[in-house]
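The block underneath contains the structure these notes are about, expressed in structure tokens.
The values are calculated or read from the model by the stated rules, or taken from the named source; none is laboratory data. Everything numeric in this text was worked out from a predicted model, so none of it was measured. All Cβ positions, glycine included, derive from the backbone under ideal geometry; neighbour counts span all protein chains shown. Each accessible area value is taken on the protein alone, full model and side chains, heavy atoms only, with ligands, DNA and RNA left out. Shrake-Rupley method; radii C 1.70, N 1.55, O 1.52, S 1.80 Å.
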There are 4 protein chains.
Amino acid sequence: MHQISHDTRHCIEECLRCYQACVGSAMTHCLEQGGIHVEPQHFRLIMACGEMCRTSAHLMLINSPHHKAVCRECAEICELCAHNCDRIGDMQECAEACRRCAESCQKIAAYE
Amino acid sequence: MHQISHDTRHCIEECLRCYQACVGSAMTHCLEQGGIHVEPQHFRLIMACGEMCRTSAHLMLINSPHHKAVCRECAEICELCAHNCDRIGDMQECAEACRRCAESCQKIAAYE
Amino acid sequence: MHQISHDTRHCIEECLRCYQACVGSAMTHCLEQGGIHVEPQHFRLIMACGEMCRTSAHLMLINSPHHKAVCRECAEICELCAHNCDRIGDMQECAEACRRCAESCQKIAAYE
Amino acid sequence: MHQISHDTRHCIEECLRCYQACVGSAMTHCLEQGGIHVEPQHFRLIMACGEMCRTSAHLMLINSPHHKAVCRECAEICELCAHNCDRIGDMQECAEACRRCAESCQKIAAYE
């Protein structure tokens, strides 16, 4: 991964961490808890967030210039997912991963 | 897939068709041809296009409201990939799939 | 997709159809219905089945010889998912897509 | 990710590391180097290995019992990819990530 910058590598790491937190939380914690944790709007958001993070990481690994627009969208969905995790409660690990990923993706999206 | 509209189902189909054309063309035709077909800029674009199409389809299947922004980005990358396939030559199947997918994604992205 | 055989192309289609049925059913029908439809064992199986189908299609598009072992595993998980959809009820579309995909994957896995 | 065991978490990490090494090396190093680095058999293997690692991680995050068969197949393809990276040369980072991932996946596949 020679031509990939330090900041991009860091963002790939944050995206894959957030992907793990989202899919892992949804498919274990949320399904086991049930109730508000499997409400469609919440569950869709956390799964959509996981998929966006997985894809943002992939486009950065491909070294495609299109990763910036994807990172911008990823940052938005991560922010929403973090807020939603706070609202649902008992989802701190996922909310924190989303906030870190959003910050990292915003930085990448803002590059010249 | 009861709550998914006819237009969205159609767009999912076009995205998965374009994904197949991009990844299939890159990993068989382009690799076998070599030369201009494996030039980094072209190869990255076709693989990035395939990934965006795969992800747009996934977000529509999740029924997430975020699919619109992803479809908008997908349409842009599909247009670029179609032009690039024309430039490279001998990539008509892929170029056509990209144009159809771009048109379908633009329609979804433009919905109220 | 010049070097991809007719049977392989057909299997890619069935895998992507089953992927759509699994993820689409889980994220719309099952989440909306709730109750037995979001029981962890069922929901994990349908999401795992969708992911296996997506990946089997991808390995066939890559034209990798490893697709056979992946198709064998995909056929097994599709069979289980079909049975589970029958058990849950009201999941005929998904069950049928799983059965067709399993049959197609078994054929690919059995090739010399 | 409460119910996911320590060994499984470790394997998810190794899979995502190997996925990054494979896709990152293929799409930057191999495409830039050209020649033997874009020979179809090598390039397909490294991309297939990346996809298998990505999927193994996903099935472990889903907490599906099917991850074991997928990890077994992932270990095999990682071993082959490591050997092939040694043969091609100048791919040590990727070869090492493949070997570590293979070891971790074998351990998961061998669990009772």
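Annotation: C:Val23 fulfils all but one of (1) without any contact (Cβ under 8 Å) to a residue 12 or more places away in the chain; (2) open to solvent by less than 30 Å² (accessible area, probe 1.4 Å); (3) within 14 Å of chain D (Cβ to nearest Cβ); the unmet one is (1).
For (1) touching a Phe, Trp or Tyr at 6+ places or on another chain (Cβ under 7 Å); (2) assigned to a loop (DSSP other than H, G, I, E, B); (3) within 22 Å of A:Thr55 (Cα to Cα), each residue gets a yes or a no:
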site	(1), (2), (3)
D:Phe43	no, no, yes
D:Ile46	no, no, yes
D:Ala75	no, no, no
D:Asp90	no, yes, no
D:Cys94	no, no, yes
D:Ala97	no, no, yes
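Out of the residues in the range B:31-40 meeting the condition of being facing another protein chain (nearest Cβ under 9 Å) and over 11 Å from A:Ile62 (Cβ atoms), tell me which one is most open to solvent (accessible area, probe 1.4 Å). The extreme case among them is B:Glu32. So, in the range C:44-102, of the ones that are more than 23 Å from D:Met60 (Cβ to Cβ), facing another protein chain (nearest Cβ under 8 Å) and not acidic (Asp, Glu), which residue ends up most open to solvent (accessible area, probe 1.4 Å)? Among them, the one singled out is C:Asn63. Of all the listed residues (A:Glu96, A:Glu39), the sole one being farther than 24 Å from C:Gly34 by Cα and either free of Cβ contacts under 8 Å to residues at least 40 places away in the same chain or not β-branched (Val, Ile, Thr) (or both) is A:Glu96.
In the set C:Ala69, C:Ala48, which member is under 25 Å from C:Ile4 (Cβ atoms), small (Gly, Ala, Ser) and touching a residue at least 12 places away in the same chain (Cβ under 8 Å)?
Details: C:Ala48 fails: under 25 Å from C:Ile4 (Cβ atoms).
Within the list C:Ala69, C:Ala48, the selection yields C:Ala69.
Return the total of residues in the range A:9-20 being over 23 Å from B:Met60 (Cβ atoms) and either among the hydrophobic types (A, V, I, L, M, F, W, C) or within 14 Å of chain B (Cβ to nearest Cβ) (or both).
Here is the first cut: in the range A:9-20, the residues over 23 Å from B:Met60 (Cβ atoms) are A:9-14, A:16-17, A:20.
Cutting the leftovers down to either among the hydrophobic types (A, V, I, L, M, F, W, C) or within 14 Å of chain B (Cβ to nearest Cβ) (or both) gives us A:11-12, A:16.
Adding up the residues that qualify gives 3.
Residues are listed down the side, and each one gets a yes or a no for (1) outside any helix (DSSP H, G or I); (2) under 24 Å from D:Met91 (Cβ atoms); (3) among the hydrophobic types (A, V, I, L, M, F, W, C):
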{"site": "A:His10", "(1), (2), (3)": "no, yes, no"}
{"site": "A:Cys18", "(1), (2), (3)": "no, no, yes"}
{"site": "A:Val23", "(1), (2), (3)": "no, no, yes"}
{"site": "A:Thr28", "(1), (2), (3)": "no, no, no"}
{"site": "A:Ile36", "(1), (2), (3)": "no, no, yes"}
{"site": "A:Met52", "(1), (2), (3)": "no, no, yes"}
{"site": "A:Glu79", "(1), (2), (3)": "no, no, no"}
{"site": "A:Cys85", "(1), (2), (3)": "no, no, yes"}
